[in-house]
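Just below is one structure, and these are the notes that go with it.
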Amino acid sequence: MVELAPSILSADFARLADEVAAAECGGGSVIHVDVMDGHFVPNITLGPPIVKSLRKYTKLPLDCHLMIENPDQFIPDFAEAGANWVSVHYEACRHLHRSLELIAQHGMEPAVVINPATSVDLLIPVLGMVHHVLVMSVNPGFGGQKFIPYSLSKLRRLKELRQELGLSYRIEVDGGVAHDTVSRVVEAGAELLVAGNAVFGAGHAERDARSLLDAARRAAKLAA
Ligand code: DX5
Ligand code: ZN
């Protein structure tokens, strides 16, 4: 089943609770939270205190995408704040297996993310431990960037590997997902669609979440 994960990166941070509620009314079923530290990526956003506040306003899973160095150091804080899913970058983890175990030990769903220049096959040893794999379809750091078409082959490869290895991880895509790309990512195998600018960019989160999700569902039906 295809699901929409609105990314609050493009929301109005001063009206976060309302923005999240609107995206939820429009059919968003996971809230994607982009955590950036100014080191792993060239931007700074938010951390556990905002997750803790958000937790009071939504029951949807909070999908925390950690674009930070030393993620292990902060995993307990995200658990405490009420995060449900935590994804760490392959490129940021010296001991990826240990980081994924740590997330699970704290009662959250572990996930791994790869940058556009990282190959899916490098993840084979950990695919059995993750709730989902996140394919970055832009270089992480900013919302509103252009979708990198090569990402489609990574989504296809993940779908193929899941079948071959008999696993059940879900396939998530993040970056440049909008009306002009949504059918291609769904056809290629993405099931969790992160979208920031396409949902929040125009200031009509409910309307724009709904129309993007409708387009995704149409594509999923055609692909089935
Ligand atoms: C980028 C973030 C994304 C971002 C996507 O580093 O990980 O989640 O919000 O934004 P859009 O959908 O605008 O490309
Ligand atoms: Zn993200």
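Remarks
- Cα pair distances of segment 2-109 binned at 5 Å [whole percent]: 2, 13, 24, 24, 19, 12, 5, 1
- Spatial separation of Cα centroids for segment 171-194 and segment 1-65, in angstrom: 18 Å
- In order along segment 198-214, phi translates into HN-Hα couplings of 5, 9, 9, x, 9, x, 10, 4, 5, 4, 6, 5, 4, 6, 5, 5, 4 Hz, rounded to whole numbers, per the Karplus curve 6.51 cos²θ - 1.76 cosθ + 1.60 with θ = phi - 60° and x for Gly and Pro.
- Relative contact order of segment 1-72, taken over Cα pairs closer than 8 Å and 6 or more residues apart, is 34 percent.
- Listed residues Arg162, Arg184, Arg98, most fluctuating in the chain (Gaussian network, C-alpha, under 10 Å): Arg98
- Converting phi to 3J(HN,Hα) with the Karplus coefficients 6.51, -1.76 and 1.60 and the offset θ = phi - 60°, segment 136-151 yields 6, 10, 9, 6, x, x, 9, x, x, 8, 7, 4, 9, x, 4, 4 Hz in sequence order, with x at every glycine or proline.
- This ranking places Lys146, Lys52, Lys59 by how few other beta-carbon atoms lie within 10 Å of each, fewest first, which gives Lys59, Lys146, Lys52.
- Cut-off 13 Å between beta-carbons: net charge of the residues surrounding Glu69, Lys and Arg +1, Asp and Glu -1: -2
- J(HN,Hα) series, segment 30-35, from Karplus relation 6.51 cos²θ - 1.76 cosθ + 1.60, nearest Hz, glycine and proline x: 9, 9, 8, 10, 8, 9
- Spatially proximal lysines relative to Lys146 (Cα-Cα < 21 Å; intrachain offsets below 8 disregarded): Lys154
- Top positive-direction residue, dipole computed over the chain with Cβ charges, set Ala224, Leu127, Gln163: Ala224
- Within the listed set Ser53, Ser99, Ser137, the residue fluctuating most in the Gaussian network model of the chain (springs between alpha-carbon atoms under 10 angstrom) is Ser53.
- Length-normalised contact order for the chain - Cα pairs under 8 Å, 6+ apart - percent: 23 percent
- Additional length obtainable on full extension of the chain from His106 to Ile50, 0.36 nm per residue less Cα span: 18.3 nm
- Of Ile44, Ile171, Ile31, the residue with the greatest mean-square motion in the GNM of the chain, using alpha carbon springs below 10 Å, is Ile44.
Computed from the coordinates by the stated procedures, all read-outs in this text should not be read as laboratory data. The structure displayed is predicted, hence computed values, not measured ones. Note that each Cβ is placed from the backbone with ideal geometry, even for glycine, and that neighbours are counted across all protein chains shown.
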